[in-house]
Amino acid sequence: MRGHRIGIFVLMAAVCILCGCSNLQAERERPEYTICVVLKALNSHYWMDMRSGMEQAADKANIDLTLLYPESEEENEVQQDLIADALKSEPDLLMVAACDSLDTNWYVREAEERGIQLLMVDTGAIDSDVPYIGTDNQSVGRMAAEYLSKTLPEGASIVIMTGSRSQKSHIDRIGAFQKYLDPSFSIEEIFYTDLSQYAGYNNIKSMGDRPFDAVFCGNAVVGLGVATAVMEMEREVQIIAMDTQDDALQALEDGTMTALISQDGYTIGYQAIETAVEALQSGKRPKDVLFDSELLTKESEEVQ
């Protein structure tokens, strides 16, 4: 009988120990913070790389990460609905890549009222003051302008193929490009597009016989469309574009594109989550984090 009692006691002790370990493990695995990110889209290599960087950083820091996004960067109203839903879920921190940098004040106010920290990634705000993590777009515009100013003849004509005129990333980039461009150059046309390959192709085709010596493109996808149109038109035109995805690098190596400006979506995404975690832990407003870019040509070591 005594042996049975001892056996039952040992069994109960083992169950308690196991339950205790299980509870401890559950406690350790419970996410430290919840972060919700609302991107502009997930329809390019750049955005997919950013998602990967965010997911890896969140996994390393034991963060509960939610990623939301509309189908394209032009769907401002859809993104606003996603932001509203994200605020209702009351995460510890909300991060937004704004489709409309001129209409952020409403969710900045609501986040503050709910005690939710807010950061901007990739594209900053214009109508409100929010910390920003992303590319230094003014530096990008200047880099492109100075490159073309050195490689094109006096009086050259430029076409700009950019995204939404209400997104700060494009506003900063184009503003700096125009500021630092050789004063003898002229801007033949500015196309505000969805930055798709189709848009790049059709808009350049619509130029017909109008003169232009170079095209500055908001991303590599639209740049590939421009390159196809230029080849069909048998024009000698320099094409410079943002992003360094594989097909664009191949076009650079083949000579169908002239230059690419790097933008590392993975690193930006990873750093954005790290900055968010630091802000949550300290309770302090973080400083802006700006990433430098590099201009690549066919001769660059990265392309060889």
Report summary line: Being open to solvent by less than 10 Å² (accessible area, probe 1.4 Å) and of a type outside the set (Asp, Glu) narrows Val237, Val221, Val289, Val215 down to just Val215
Query - Matching residues, the range 252-279, being assigned to a helix (DSSP H, G or I) and open to solvent by 10 Å² or more (accessible area, probe 1.4 Å) - result: Glu253, Asp254, Tyr266, Thr267, Tyr270, Gln271, Glu274, Val277, Glu278
Query raised in the report: Among the residues of the range 62-83, is there at least one that is exposed (fewer than 14 other Cβ atoms within 10 Å of the Cβ), at pLDDT 95 or above and on the phi > 0 side of the Ramachandran plot?
Result: yes
Query raised in the report: Restricting attention to the range 160-192, and to residues there that are hydroxyl-bearing (Ser, Thr, Tyr) and within 17 Å of the chain's Cα centre (by Cα), which single residue is modelled with the lowest pLDDT?
Result: Ser164
Requested in this report: Within the range 175-206, work out how many residues are part of a loop (DSSP other than H, G, I, E, B) and among the polar types (S, T, N, Q).
Outcome: 4
Requested in this report: Search the range 289-304 for residues being over 15 Å from the mean Cα position of the chain (by Cα) and either assigned to a loop (DSSP other than H, G, I, E, B) or of a type in the set (Asp, Glu) (or both), and hand back the single one that is modelled with the highest pLDDT.
Outcome: Glu294
Report task. Among residues belonging to the range 215-237 that are under 25 Å from the mean Cα position of the chain (by Cα) and not in a helix (DSSP H, G or I), point out the one that is nearest to Asp172 (Cα to Cα). Result -> Gly218
Requested in this report: Kindly provide the set of residues from the range 189-212 that are charged (D, E, K, R), open to solvent by 60 Å² or more (accessible area, probe 1.4 Å) and under 21 Å from His170 (Cα atoms), ordered by number.
Outcome: Asp194
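The values are calculated or read from the model by the stated rules, or taken from the named source; none is laboratory data. Computed from a prediction, not measured in an experiment: that's the story for all the values here. Virtual Cβ from ideal backbone geometry, glycine too; neighbours counted across all protein chains shown. Accessible surface areas use protein heavy atoms only, side chains included; no ligands, DNA or RNA. Shrake-Rupley method; radii C 1.70, N 1.55, O 1.52, S 1.80 Å.
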